[in-house]
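Participant: Have a look at this one before I ask anything.
The values are calculated or read from the model by the stated rules, or taken from the named source; none is laboratory data. Values in this document were obtained by computation on a predicted structure and should not be read as measured data. Virtual Cβ from ideal backbone geometry, glycine too; neighbours counted across all protein chains shown. Quick note on the areas: whole protein, heavy atoms, side chains included, nothing else; ligands and nucleic acids left out. Shrake-Rupley method; radii C 1.70, N 1.55, O 1.52, S 1.80 Å.
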Amino acid sequence: MYNHQPVDYRCPFCSLSAEQAHDVVYRTERVFALISPRWWPNNPGHLLIIPVAHHENLYDLPDDEGLAVFEATRLLARTIRRVYGCDGVSTRQHNEPSGGQDVWHFHQHLFPRYPHDDLYITSAEPEWLPSHLRQEFATKLRAALNQR
């Protein structure tokens, strides 16, 4: 429909690296979630919720895949609220270059939120979260999900 993926695109979500595999906190047949390698300074440990099947954007996403993403988002929102002790959550989802999309595989961001965290201040640039910190967040969330 409205696609921007180059012909030779190598999808980072369809071919997770060994390092990224440690960041996966949740997986079903249809969806998985991982600790984002990029984070905003006041919102570390945010998640990416991703359908297993490759769909470039919201326009291409089948209804049943969207439902799986939503169900995972709700479960994981409750989990990060409990595990991180945050005061709320926010989601973001981007489509096409003008919409802020820069990975050509549908995914939704789930952020832990805190008072005055300035998540939506546009001058704040995300940073790369070191692997060992991503793994700490992933370990906590996996443990919490296994206890439910």
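Participant: So which cysteines of the chain have no other cysteine's Cβ under 4.7 Å from theirs?
Facilitator: Singleton cysteines: C86.
Participant: How many percent of the accessible area of the chain is carbon or sulfur, using a 1.4 Å probe? List each step's numbers first, then the result.
Facilitator: Working: 4230 of 8170 Å².
Ligands and nucleic acids excluded, carbon and sulfur reach 52 percent.
Participant: Compute the acute angle (0 to 90°) between the alpha-carbon long axis of helix 131-146 and the principal axis of greatest extent of the alpha-carbon atoms of the chain; round to the nearest 10°.
Facilitator: Result, in degrees: 80.
Participant: For region 1-147, what is the accessible area per residue in Å², given a 1.4 Å probe and the full set of protein chains? Before the final figure, lay out the partial values.
Facilitator: On the way: 8000 Å² over 147 residues.
Each residue of region 1-147 exposes 54 Å² on average to a 1.4 Å probe.
Participant: For the chain, what does -39500 (n - 2.57) per DSSP helix run (n ≥ 4), summed and divided by total residues, give at 222 nm, in deg cm²/dmol to the nearest 500? Before the final figure, lay out each step's value.
Facilitator: On the way: 3 runs with 42 residues, N = 148.
That comes out to -9000 deg cm²/dmol.
Participant: Here is a follow-up. Any idea what Rg and Dmax come out to for region 11-114 if you just take the C-alpha atoms, in Å?
Facilitator: Considering region 11-114 through its Cα atoms, Rg and Dmax are 13.1, 35 Å.
Participant: What whole-number distance in Å separates the alpha-carbon centres of region 1-69 and region 77-95?
Facilitator: 16
Participant: How far apart, in nm, are the 7 Å Cα→Cβ label points at S131 and S98?
Facilitator: It works out to 4.0 nm between the two label points.
Participant: Filter the chymotrypsin sites (Phe, Trp or Tyr not before Pro) in region 42-148 down to the DSSP loop ones having no more than 11 other Cβ atoms within 10 Å, then list what survives. Please list the in-between numbers first.
Facilitator: Values: sites: Y59, F70, Y84, W104, F106, Y120, W128, F137; in loops: Y59, W104, F106, Y120.
Passing both the DSSP loop test and the Cβ count: Y120.
Participant: Cα-Cα pairs above 18 Å in region 75-141: how many percent?
Facilitator: 51
Participant: Counting alpha carbon pairs within less than 8 Å and at least 6 residues apart, what relative contact order, in whole percent, applies to the chain? Don't skip to the answer; put the middle values down first.
Facilitator: Details: 225 pairs, mean separation 48.6, N = 148.
Reported relative contact order: 33 percent.
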